[in-house]
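Undergrad: Take a look at the following structure, please.
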Amino acid sequence: MLQRAFKTARLDRRSSTEVVFDTGAMGDAVLVVALVHGAVFLVAGLLSGGLISRPDDLVLGLIQTLIYGIAQWILLAAATWLAGTRLFKGDAQMPTVIRVQGYAYLPLLITLLIVLAPEGAASSVVGIVAVVWFLASLIVASSVALGLGTREAAYSVLIGYGILLIFGLLLRVPFLAVSAIF
C-alpha cells in the first residue's frame, strides 16, 4: 500500500495503472487518506501543545479530521470524475477515480514541515510546494484513471478542486452566521 502511494507521489503512471485494475485497493486508498490527515492533525496538535493540555480533545479532533479528510477526498474525486467524463469525455467509473486519487494524497505529508518551520515565508513556500505536488499527483492519477491527456486531466482536477473549495465555503456560511449572532 505505502509503496504504491510513494510511487504515485513520484508521479509514476504505472502505479496508478495498477490501482485502476486493482478493485480491492479501495480500502488501502482509504487508509492512505486517513493516515495523511491523521498524521498532520496529530503532529500539529502535539507540537502546538493543544492536544497535550486537553487530551480529551484528541479523540474527538482526530475523528473529526478523519471524517472531514475522507469526505474531502470523495468529493474531490467525484467532482473530478464528473468534469472528466462530462466535459472531456473521459472513460472511467467513479469508484476507480476515487480509488486512484486516494493514493495521490501522500504529498500532503509535506505540510508537517509547516508546523516545524517558523512562521513566515518558509512555511508559505512549504505549503505551496505541498499543494502543487499534491495537484500534480492528482493530475497524473486522474489522467490514467480517466484515460485523458495531461491537459484535460489537469482541467478536470482544477475544476474538481474549485468545486471542493466552493462546497467548503458554502458549508461554513451557516456556522459563521450562527457564530456572528452569538
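Undergrad: Do we have any residue at all in the range 11-26 that's surrounded by 13 or more Cβ atoms within 10 Å (Cβ to Cβ), modelled with pLDDT of 95 or more and in contact with a Leu (Cβ under 7 Å, 6 or more places away or on another chain)?
TA: no
Undergrad: If you don't mind, there's one more thing I want to ask. With respect to the numbered conditions (1) loosely packed, with under 15 Cβ neighbours inside 10 Å; (2) at pLDDT 95 or above, which one is the sole condition not fulfilled by Pro118?
TA: Single failed check for Pro118: (2).
Undergrad: Still on this structure, please answer the following. With farther than 17 Å from His37 by Cα and part of a loop (DSSP other than H, G, I, E, B) as the only criterion, which of Leu148, Leu158 stands out?
TA: On the way: Leu158 fails: part of a loop (DSSP other than H, G, I, E, B).
Being farther than 17 Å from His37 by Cα and part of a loop (DSSP other than H, G, I, E, B) holds for just one of Leu148, Leu158, which is Leu148.
To keep it simple, each residue is scored yes or no on (1) within 21 Å of Ala25 (Cβ to Cβ); (2) among the β-branched types (Val, Ile, Thr).
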| residue | (1), (2) |
| --- | --- |
| Leu148 | yes, no |
| Tyr155 | no, no |
| Phe175 | no, no |
| Val178 | no, yes |
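Undergrad: For a quick check of your reading of the model, give me the residue pairs whose first member lies in the range 66-80 and is closer than 25 Å to Asp91 by Cβ, whose second is surrounded by fewer than 16 Cβ atoms within 10 Å (Cβ to Cβ), with beta-carbon atoms closer than 7 Å and at least 6 apart or on different chains.
TA: Leu75/Phe167; Ala78/Met94
Undergrad: Let me ask another. Using the structure shown, decide if Leu31 is of a type outside the set (Lys, Arg) and within 16 Å of the chain's Cα centre (by Cα). Step through it out loud before you land on a result.
TA: On the way: of a type outside the set (Lys, Arg): yes; within 16 Å of the chain's Cα centre (by Cα): yes.
Taking the combined requirement at face value, the residue satisfies it.
Undergrad: Out of all the residues in the range 159-181, is one or more crowded, with 22+ Cβ neighbours inside 10 Å and touching a helix residue (DSSP H, G or I) at 6+ places or on another chain (Cβ under 6 Å)? First the steps, then the outcome.
TA: Initial filter on the range 159-181 (crowded, with 22+ Cβ neighbours inside 10 Å): 160.
Checking which are touching a helix residue (DSSP H, G or I) at 6+ places or on another chain (Cβ under 6 Å) leaves us with 160.
Yes: the range 159-181 contains one or more residues that are crowded, with 22+ Cβ neighbours inside 10 Å and touching a helix residue (DSSP H, G or I) at 6+ places or on another chain (Cβ under 6 Å).
Undergrad: I need the full set of residues from the range 27-67 which are closer than 19 Å to Thr111 by Cα, of a type in the set (Gly, Ala, Ser) and modelled with pLDDT under 90, in order please.
TA: Of everything in the range 27-67, those that are closer than 19 Å to Thr111 by Cα, of a type in the set (Gly, Ala, Ser) and modelled with pLDDT under 90 turn out to be Ala44, Gly45, Ser48, Gly49, Gly50, Gly61.
Undergrad: Among the residues of the range 110-121, is there at least one that is over 21 Å from His37 (Cα atoms), free of Cβ contacts under 8 Å to residues at least 60 places away in the same chain and in contact with a Ser or Thr (Cβ under 6 Å, 6 or more places away or on another chain)?
TA: Checking the range 110-121: not a single residue is over 21 Å from His37 (Cα atoms), free of Cβ contacts under 8 Å to residues at least 60 places away in the same chain and in contact with a Ser or Thr (Cβ under 6 Å, 6 or more places away or on another chain).
The values are calculated or read from the model by the stated rules, or taken from the named source; none is laboratory data. Values in this document were obtained by computation on a predicted structure and should not be read as measured data. For neighbour counting, all protein chains shown are included, and Cβ atoms are generated from backbone atoms with ideal geometry for every residue, glycine included.
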